[in-house]
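The values are calculated or read from the model by the stated rules, or taken from the named source; none is laboratory data. Predicted, not measured: the structure shown is a model, and the values here were computed from it. Positions of Cβ are backbone-derived with ideal geometry, glycine not excepted, and every protein chain shown enters the neighbour counts. Please note that ligands, DNA and RNA were not included when accessible areas were found on the heavy atoms of the full protein model with its side chains. Shrake-Rupley method; radii C 1.70, N 1.55, O 1.52, S 1.80 Å.
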Amino acid sequence: MIIEGGCLCGRVRYRLDEKPHHVCDCHCIDCRRASGAPFVTWGIVATEKQKVLTGEVRTVKHADRVRSFAACCGTSLFFQDNDSAPSIDVAIATLDDPEPHAPDRSIWVEDHISWVALDPDRKALQMNKEE
């Protein structure tokens, strides 16, 4: 299975060699600020199953995690727990065809903006909750 995507201006293109799983809407403050949107939909693939085909990706380390953006236009593309993480999160909206990759959960819902309606049929997880 080959799935492709890219940035706003088209200079960065990437390929996934597996279908993203654990697709979720993330409402955390960091995702909101990095994207300029009320939430970001991410899907996970194995790091070795993701390859940048063209263009330059810029990485920014923040809060002990790594975010990757298209150097040309700033599109938010990827997220990793660290430089050597075995998996990478892909911004689903940057896929050429995001339709088949609907989220099944929302995370960091305690940070969601009040005027964003959470889907009542979707599992909602609070991530800051003390166990």
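Suppose we keep only residues that are open to solvent by 70 Å² or more (accessible area, probe 1.4 Å) and outside any strand (DSSP E or B) within segment 46-64. Which one would you say is modelled with the lowest pLDDT?
Among residues in segment 46-64 that are open to solvent by 70 Å² or more (accessible area, probe 1.4 Å) and outside any strand (DSSP E or B), the one modelled with the lowest pLDDT is ASP64.
Tally time: how many residues in segment 75-131 are of a type in the set (A, V, I, L, M) and in a loop (DSSP other than H, G, I, E, B)?
7
Give me the residue from segment 72-122 that is touching a residue at least 12 places away in the same chain (Cβ under 8 Å), among the charged types (D, E, K, R) and open to solvent by 70 Å² or more (accessible area, probe 1.4 Å) and, out of that set, farthest from VAL12 (Cα to Cα).
Looking at residues that are touching a residue at least 12 places away in the same chain (Cβ under 8 Å), among the charged types (D, E, K, R) and open to solvent by 70 Å² or more (accessible area, probe 1.4 Å), I get ASP104.
Have a look at GLY5, GLY43 and point out the one that is in a strand (DSSP E or B), in contact (Cβ under 8 Å) with a residue 40 or more places away in the chain and touching a Leu at 6+ places or on another chain (Cβ under 6 Å).
GLY5
Which of (1) under 12 Å from the mean Cα position of the chain (by Cα); (2) of a type outside the set (A, V, I, L, M, F, W, C); (3) farther than 17 Å from ILE3 by Cβ does GLU110 not meet, given it meets every other one?
Only one criterion in (1) under 12 Å from the mean Cα position of the chain (by Cα); (2) of a type outside the set (A, V, I, L, M, F, W, C); (3) farther than 17 Å from ILE3 by Cβ is unmet by GLU110, namely (1).
Looking at the structure I just gave you, is ALA34 open to solvent by less than 50 Å² (accessible area, probe 1.4 Å) and under 15 Å from the mean Cα position of the chain (by Cα)?
Here the answer is yes, as ALA34 does meet what is asked.
Taking the conditions exactly as written (under 14 Å from the mean Cα position of the chain (by Cα), exposed (fewer than 13 other Cβ atoms within 10 Å of the Cβ), charged (D, E, K, R) and not in a loop (DSSP other than H, G, I, E, B)), does ARG67 satisfy them or not?
It is false that ARG67 is under 14 Å from the mean Cα position of the chain (by Cα), exposed (fewer than 13 other Cβ atoms within 10 Å of the Cβ), charged (D, E, K, R) and not in a loop (DSSP other than H, G, I, E, B).
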